[in-house]
Amino acid sequence: MKNPFKNEQGFTLVEMLLVMLVITVLLLIMLPNVTKNSSLIGDKGCDALVKMVEAQMQAYRLENDREVTDLQLLNTPDYLEDKFADDDVLYCPNDKVISLTADGVEAIDAPETP
């Protein structure tokens, strides 16, 4: 019986280079689409967080019979405590800040830090 491992031949350098070329071309085609979609995903996530804050504001209003005048009122375990950052600010996935305005809840650009 012949040993099937007796005739060991590997890939040639040219074959390996062709495989690397194909992988590189596929990555070059795919990479711009991924980066473009990541900003879109961040915007969608921010919109969802704004809607969640609005819903929690309504829940707070129903449970406490008063309006939310400051988002810090929602920084409790019953509402959005796990969404607040260490500096007591609500950040969106696209690095915007959730803020309470006269028109309602909005995502605004984060203030510049010195």
* With only Lys, Arg, Asp and Glu charged, each at its Cβ (+1 for the first two, -1 for the last two), find how big the charge dipole of the stretch 24-114 is about the Cα centre; round to the nearest 20 debye. => 540 debye
* Structure fact -> Amide H neighbours of Asn94 at under 5 Å, excluding residues fewer than 5 places away on the same chain, with H built from the backbone geometry, are Cys46
* **Label point distance in nm, Gln9-Glu106, each placed 7 Å from Cα along Cα→Cβ** => 7.0 nm
* Asked: Hey, rough spin-label estimate for Ser99 and Leu31, points 7 angstrom out along Cα→Cβ, what's it come to in nanometres?
  -> 3.6 nm
* Angle between the Cα long axis of helix 13-64 and the longest principal axis of the chain, 0 to 90 degrees, nearest 10? -> 20 degrees
* To do: Calculate for the chain the 222 nm mean residue ellipticity that helices alone would give, adding -39,500 (n - 2.57) per DSSP H run of length 4 or more and normalising by residue count, nearest 500 deg cm²/dmol.
  => -17000 deg cm²/dmol
* Glu54-Val22 FRET efficiency (beta carbon distance; Förster radius 41 Å; 0.05 resolution) -> 0.25
* Near-label residues of the stretch 74-90 by backbone N, under 20 Å of a point 7 Å along Cα→Cβ of Arg66 -> 74-81
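Read-outs: derived from the displayed coordinates by stated rules, not from any lab. Here the structure is a predicted model, which is why all the values come from computation and not from measurement. Glycine gets a Cβ as well: all are built from the backbone with ideal geometry, and neighbour counts include every protein chain shown.
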